[in-house]
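One structure below.
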Amino acid sequence: MRCLESSERLLVELARYRAEVFRNLKHYLKIIVETVKELDRGAEVYLFGSIVEGGYTLLSDIDVLVVTGQPPERVLVKLWERGIEDPFEIHVVEREMLPLYRGRSKMVRVEDFTTSPNPRRSGRAIKPLTHQRTIHPTTRGSTDHHQCSSHQWRYIS
């Protein structure tokens, strides 16, 4: 039972951390841009995936595309040193790969989003989470739950 309580605490801590990252997304994106620009002034940074398309939840990752001539491992290590980790999913590619990403997903240039005084008015807004739900283990049933091993998980708002 003690292990289960510890697991529950870890899940709650993870949910809180992810909520904090999503709430302060602009701050984290500025760190990413500053770090990447230190390595390559000509680099470009984009958001793509569910965060741009508006279908993300606290369980979603945050897809970031870094277009640079720098080796991916150099960029990733530097970002990791600056605290950029989960839920960020960093994709480091050379400029030739950019059209492939543009063809797969809607993209927002991060520099435009973070420097725009009013991103909503400029068309660069990222839709906020409209209904945050965190999963929490319970022994009681719920109308909106998932089974996980012998435990049920219910969404809490």
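Points worth noting:
- Spin-label model, residue 38/residue 70: points 7 Å from Cα along the beta carbon direction are separated by 0.9 nm.
- Treating r as the C-beta distance of residue 20 and residue 80 and R0 as 22 Å, the FRET efficiency rounds to 0.75.
- FRET efficiency, 1/(1 + (r/R0)^6) with R0 30 Å, evaluated for residue 5 and residue 89 via beta carbons: 0.50
- Beta bridges per DSSP with both ends in segment 1-94, % antiparallel, nearest 5: 45
Read-outs throughout are calculated quantities, based only on the coordinates presented, and are distinct from any laboratory measurement. Values in this document were obtained by computation on a predicted structure and should not be read as measured data. Every residue, glycine as well, gets a Cβ built from its backbone with ideal geometry; the counts of neighbours run over all protein chains shown.
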